[in-house]
Amino acid sequence: MAKTVTDVTCPFCGSLCDDIEVQVSDDGTKVLEVFNACAIGAAKFLHTAAKDRVTRPRMRQEDGSYKEVSYDEAIEYTAHMFVNSKKPLMYGWSNTNCEAQSVGHEIAEATGGIVDNTATVCHGPSLIAIQDVGIPSCTLGEIKNRADVVLFWGCNPAHAHPRHLSKYSIFPRGFFTGKGHKGRKMIVVDPRNTDTMKLADVPLQLEQGRDYELLSAFRVAIRGEELPEKVAGIPREKIYEAVEVMKNGRFGVIFFGMGVTQSLGKNHNIDNAIMVTKDMNEYTKFAIIAMRGHYNVTGSGQVMGWQWGFPFATDLSRGFARYNPGETTSNDLLRRREVDAIMVFASDPGSHFPISSVREIAKIPSVAVVPDINPTTEISKLHVPVAVNAIETGGCCYRMDNVPIDARKVVEPPEGMLTDLEFLTRVRDRIAELKAQAPAGVRASAEAVGA
Amino acid sequence: METVTLTIKKAPTLYLEAEIISPDGLAGKTADQIRALPVHMGNEEFTLGEFFDLAGAPGATAEETKVVVTGDLSRVKYLGMKMSGGEMVIESDADMYVGAWMSGGTLTAKGNVDSFAGIGMKGGLLEINGNAGNYTGSAYRGDWRGMQGGKIHVKGNVRSDTGYFMNGGEIVIDGDADVHVGTHAEGGKIVIKGNAKSRLGGQMVEGTIILLGTVDVMMPGFKYVRDEEVDVDGKNMLMSLYVGDLGERHRKRKGEPIYGKLYIRKAAPAAAESREVRLARAREARKARFASPEETASA
Ligand code: SF4
């Protein structure tokens, strides 16, 4: 008889669904079946039982092959890498829990590191815009229960956040939204006719890269000013019509994704979208929410925020927190050869960074702490596989609307495998030991200058 | 005025943070004191003397001091940061934050500078003979008070986000500017002698932008008012005046809203046309690339 674990959170996308049911083997080691999750979420649960999983750290050898090493050796290598580095970069953090993030930050404080999370290639521009102009936001629960106008801008939840539409934004019947999707108006803005757009009451297919212009046009229309005939390829009548739909709603929300955060203008697009939301509040209740990608990238921003005051790309090299995307962001640091060691944590820059950055990762001392083999582990000097978070270990995670949810442990990790929190804690303690041993006043590096 | 010359001995392995190199940082100090000043690379502190050779001596105050920095400075940040007076010359390319938050004096960069030059500037003259990076004369992250005063003159091109949240002062660009010039501007004046890209004056509340070249896509929130003669470098030029951004808040004077002003030189070809032509050409090129029958069918 298999047992069923209920109210499980799904550690895949930022929707962080918390109603998953998982059937596990009697000894509690294997996921057998997953209920309620979407296809991508279920695949992640089932993958923990994959036979080809790596369960011990692997160190890259001279000839490019990998040799299995013990966790002790891996901890030793990682601690030395940090102690010998003048400017270590710690990148990732979106696929782990807040507890591990916090211990990682202790290492950064001890070694003068730079901590950056995956927002740097995702919703970082949103965070910049939020700092510039603030954000009128709400929770997904409020949207389920109240929203009757829902606008998706530059995002495609039908594929990227599969249960978003059914659980929160379009289809559910809530307290004040008893008619479900029949009572909601859906506006979708995207350069492509996506599967999300196909559901829309008001589809607006704009010219690629002209989101800022169209958002500005919305603001002009909201103020009742005159528009040019066409903006971003969309006739002005359609813009006025969309704004009318928005004004007639009782509670509206804008969801935006990487179509606007990572296209021309970046933070300016979000800035303008937030201003549309603010302007709309003169007429009705309106909110805006970022469609965060990884399940706990929001949490990384939260932990960095409460510890250092900045949500990503925080540089501690001078002993105090500095933040300036464009300078302290991972790709700028790597491209400009500004860091001399990197720890990739719970993410995969090998797949998502431009090749100039990936090359640099391959050149400098590097550790990748991720459960599985991915393009990053294959260019790193050391790969430390760890238990899968929120499946093989619990911990705090933040949903895309900044609601913290405690993730549940479902099965035991493979025998002898560390969680990333355990690994980081031991690295932190080893760094403290090494630092205590080093005679005071001796520079870690022998930068020969002036000779 | 006394002159002190700093020559970098070798390029730092990572980037050197040398905010101390400014007339204010060096004035009134002896050679030994200057050599002992701190510079930073990553988490380590070095002395200025470890990286730079020193010649000459500074004056007693910043006003009486001229600082000349030579050698390859392309990996040195914060040169001339927060200078309040005197003179400074950077003989080569420099990295980020040249003249950041400067409030007085004259700073000349003879080469190119990277991003964040003259951010949060309050006064003085920042002259860049080469190109400048992103966020020239802008606000620091999260600050809604960008450049407040002084003048920045870039003789080459600038990348994006020039004059972000600008409040006052003047920026003159002899070359071209990339996207987002004067975004969120609440005052000040920006002159672009070359061409501009889209998002010119987006979210502008007040202030003036003068464009002598072309802009590829106009912001929808700017409306044409009239033609006016504008004085640029002593020459009277006929320009079209647009006001905006109509989507933004604007305060009123005597019941009339005060808008941001965008002047575009009359001789410039109509921007909309050139874009249509370019798009048509791009479409043709695309079609030619996907000329195989299945692909044309699915397209
Ligand atoms: S929508 Fe996202 S969080 Fe929900 S089950 Fe699918 S992948 Fe998991």
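Computed from the coordinates by the stated procedures, all read-outs in this text should not be read as laboratory data. In this text the structure is predicted, and so the values were computed from the model without any measurement. Backbone-built Cβ (ideal geometry, glycine too); neighbour counts: all protein chains shown.
If the limit is 20 Å between Cα atoms, which of B:Lys110/B:Lys151; A:Lys182/A:Lys278; A:Lys3/A:Lys409; B:Lys122/B:Lys151; B:Lys122/B:Lys261; B:Lys82/B:Lys193 go over it? Correct reply: A:Lys182/A:Lys278; B:Lys122/B:Lys261; B:Lys82/B:Lys193. Reported to the nearest whole Å, the Cα centre-to-centre distance from region B:1-43 to region A:354-402 is 39.
Inter-chain neighbour count for B:35-48: the average number of beta-carbon atoms from partner chains within 10 Å of each residue's beta-carbon is 4. Computed extension gain for A:Asp201 through A:Asn145, at 0.36 nm per residue and net of the alpha carbon distance, reaches 18.2 nm. Counts of other chain beta carbons within 10 angstrom of each beta carbon in peptide A:337-344 average 2.
The per residue volume of the convex hull around the alpha-carbon atoms of the protein assembly as shown is 182 Å³. Shielding value for B:12-21 is 3, the average number of Cβ atoms from other chains within 10 Å of each residue's Cβ.
Look at the dipole of region A:111-174 built from charges on Cβ: of A:Gly154, A:Leu127, A:Thr111, the Cα furthest out on the positive end belongs to A:Gly154.
Placing pseudo-labels 7 Å out from each Cα toward the beta carbon at B:Ala11 and A:Gln262 gives an inter-label distance of 3.0 nm. Each Lys and Arg Cβ is given +1 and each Asp and Glu Cβ -1; about its Cα centre, region A:124-290 then shows a dipole of about 800 debye. Bridging of B:Lys29 to lysines at a Cα separation below 17 Å is possible for B:Lys66, once same-chain residues fewer than 8 apart are set aside.
For region B:104-166, chymotrypsin sites (Phe, Trp or Tyr not before Pro) are listed when DSSP marks them as loop and at most 14 other Cβ atoms sit within 10 Å of their Cβ; the list is B:Trp144.
Packing, as the average of other Cβ atoms within 10 Å across residues, places the peptides B:153-161, A:18-26 in the order B:153-161, A:18-26, highest first. Estimate the FRET efficiency between B:Lys155 and B:Asn236 by the formula 1/(1 + (r/R0)^6), using the beta-carbon distance for r and 30 Å for R0, to the nearest 0.05. That pair, B:Lys155 with B:Asn236, gives E of 0.80. Look at the dipole of chain B built from charges on Cβ: of B:Ile128, B:Met1, B:Tyr78, the Cα furthest out on the positive end belongs to B:Ile128. Across region A:59-84, the residues whose backbone nitrogen lies under 20 Å from the label position 7 Å along the beta-carbon direction of A:Ile373 are A:59-71, A:74. Between B:Arg253 and B:Arg226, how high is the FRET efficiency from 1/(1 + (r/R0)^6) when r is the Cβ-Cβ distance and R₀ = 22 Å? Nearest 0.05. Efficiency computed from Cβ-Cβ geometry: 0.70. Quick one: length gained pulling B:Thr30 to B:Glu44 fully straight, 0.36 nm per residue minus the C-alpha distance? Stretched fully, the B:Thr30-B:Glu44 segment lengthens by 2.6 nm. Counted by neighbouring Cβ atoms within 10 Å, the residues B:Ser84, A:Ser85, A:Ser126, A:Ser65 run from fewest to most as A:Ser65, B:Ser84, A:Ser85, A:Ser126. Modelled this way, with points 7 Å down the Cα-to-C-beta line, the labels at B:Ser74 and A:Val403 are 5.2 nm from one another. Considering only A:Ala387, A:Met417, A:Thr376, the residue lying farthest towards the positive end of the dipole of region A:360-420 is A:Thr376, judged by Cα position with unit charges set on Cβ.
Rounded to the nearest Å, what's the spacing between the alpha carbon centres of region A:267-293 and region B:207-269? Just the number, please. Using only Cα atoms to place each centre, the spacing works out to 27 Å. Taking the C-alpha atoms only, the angle from helix B:271-289 to the longest principal axis of chain B is near 80 degrees. If only the Cβ of Lys and Arg carry +1 and only the Cβ of Asp and Glu carry -1, the dipole of the protein assembly as shown around its Cα centre is close to 1840 debye. Potential lengthening of the chain between A:Glu73 and A:His159 amounts to 26.9 nm, from the contour at 0.36 nm per residue minus the alpha-carbon distance.
In a simple Cβ point-charge model (Lys, Arg +1; Asp, Glu -1; nothing else charged), region A:1-121 has a dipole of about 400 debye relative to its Cα centre. Kindly state, to the nearest 0.05, the FRET efficiency for A:Thr55 paired with A:Phe320, given R0 = 35 Å and r defined as their beta-carbon distance. With a Förster radius of 35 Å, E is 0.30.
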